[in-house]
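See below for the structure under consideration.
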Amino acid sequence: MRFTKMHGIGNDFVVVNGLRERLVGPSRLARAMCDRRRGVGADGLILVLRSRTADLRMRMWNPDGSEAEMCGNGIRCLGKYAVEHGLTRKRELSVETLAGPIGLSLRGTGREVKRVRVDMGRPRLTRAELPMTGEPAGGRVVAESLEAAGRTLSVTCVSMGNPHCVVFVEDVAAWPVAEVGPQVERHAAFPRRTNVEFVQVLGAGEVRQRTWERGAGETLACGTGACATGVACMLNGKTGRRITNHLAGGDLLIEWPADDGPVHMTGAAEETFSGEW
């Protein structure tokens, strides 16, 4: 089976062309291929498929074999892959995901794609949409106390098609992400588990983020998490509506022009190598 290794600001993926290859047992395959000692090594396995409702369809599995609803860095990689590997000539793409349709605007020269702007859709903000336990089911979770890892955390929760719990901290570089992250990920309040963002606000248009990803652990970047962070910052009045989010692997531009509108994310995607499994 042919595969291509790609990354979006350090968040890396094994990408497989499902129009040509047939995967048997993708959950098991994800665990094997994402293993950094015995496999290719990646934060996820992405399968590119045909769609009846969009230009392409994306399915993505975490290193633990669980399937994710969506992946912001991964979908930028999918867009670059589709153009540069001849699956489409379009520069404006619609992609079907478990989180719903996602729009991509691919930027570059010739056949090369350097940056991708993603219409991530409207954030889901109620407990029922996250999902998260508690009442009221139709209420938002903004600056709410959560007990985890022996601490009382102030959390703001946002779904970008997948669940995120955002925690604002004073010094994100010194924060014990590996200690607190897994405790929040598997907290009883989150029936489907959750991704966890630890965020330091640097100014009205700038933040720094570290992410503990559901099913993957700490990663260099998380696209949906960066979007959730932008929304959380704006809901708490900590930033403006356009921010640069500094992640360990690089920067993402996040825009949320209006409360009732979509979030837009712009960032790079790169191809590392191709091989055979």
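The values are calculated or read from the model by the stated rules, or taken from the named source; none is laboratory data. As the structure is a computational prediction, the values presented were derived from the model and not from experiment. Every residue, glycine among them, receives a Cβ derived from its backbone with ideal geometry; neighbour counts consider all protein chains shown.
Just a few scattered comments:
- Evaluation of ALA221 against (1) among the small types (Gly, Ala, Ser); (2) assigned to a helix (DSSP H, G or I); (3) under 22 Å from VAL14 (Cα atoms) (one fails), failing number: (2)
- Test: residue in segment 157-165 that is farther than 23 Å from MET60 by Cα, touching a residue at least 12 places away in the same chain (Cβ under 8 Å) and crowded, with 19+ Cβ neighbours inside 10 Å: no
- Here GLY10 passes the criteria (1) surrounded by 19 or more Cβ atoms within 10 Å (Cβ to Cβ); (2) within 18 Å of ALA216 (Cβ to Cβ); (3) in contact (Cβ under 8 Å) with a residue 40 or more places away in the chain except the one numbered (1).
- Selection over segment 71-89 of residues that are in contact with a helix residue (DSSP H, G or I) (Cβ under 9 Å, 6 or more places away or on another chain) and surrounded by 24 or more Cβ atoms within 10 Å (Cβ to Cβ) gives a count of 6.
- Residue count, segment 252-277 (criterion: surrounded by fewer than 16 Cβ atoms within 10 Å (Cβ to Cβ) and in a strand (DSSP E or B)): 5
- Every residue from segment 224-251 that is β-branched (Val, Ile, Thr) and either in a loop (DSSP other than H, G, I, E, B) or at pLDDT below 95 (or both): THR239
- In the set (1) at pLDDT 95 or above; (2) over 29 Å from ARG111 (Cα atoms); (3) out of contact with any helix residue (DSSP H, G or I) (no Cβ under 7 Å at 6 or more places or on another chain), the condition left unmet by VAL24 is number (1).
- Listed by position, the strands (runs of 3 or more DSSP E) contained in segment 133-191 that have at least 1 residues being closer than 23 Å to GLU69 by Cα are 151-159, 163-168.
- VAL14 fulfils the conditions (1) more than 11 Å from PRO63 (Cβ to Cβ); (2) of a type in the set (Val, Ile, Thr); (3) at pLDDT 95 or above except for a single criterion, (1).
- Here ASN73 qualifies as among the polar types (S, T, N, Q) and under 25 Å from LEU253 (Cβ atoms).
- When segment 28-53 is filtered for residues that are under 23 Å from ALA82 (Cα atoms), within 20 Å of the chain's Cα centre (by Cα) and surrounded by fewer than 19 Cβ atoms within 10 Å (Cβ to Cβ), the ones remaining, listed by number, are GLY41, LEU49.
- The residues in segment 54-104 that are polar (S, T, N, Q) and under 13 Å from the mean Cα position of the chain (by Cα) can be counted, and the count is 3.
- Residue tally, condition exposed (fewer than 15 other Cβ atoms within 10 Å of the Cβ) and hydrophobic (A, V, I, L, M, F, W, C), over segment 90-119: 1
- Residue in segment 80-87 that is farther than 30 Å from LEU56 by Cα, free of Cβ contacts under 8 Å to residues at least 24 places away in the same chain and not β-branched (Val, Ile, Thr) present: no
- Among the residues of segment 166-200, those that are without any contact (Cβ under 8 Å) to a residue 40 or more places away in the chain, within 18 Å of the chain's Cα centre (by Cα) and buried (at least 20 other Cβ atoms within 10 Å of the Cβ) comprise VAL167, GLY181, VAL184, GLU185, ASN195, VAL196, GLU197, PHE198, VAL199.
- Test: residue in segment 114-133 that is more than 30 Å from ARG57 (Cα to Cα) and not hydrophobic (A, V, I, L, M, F, W, C): yes
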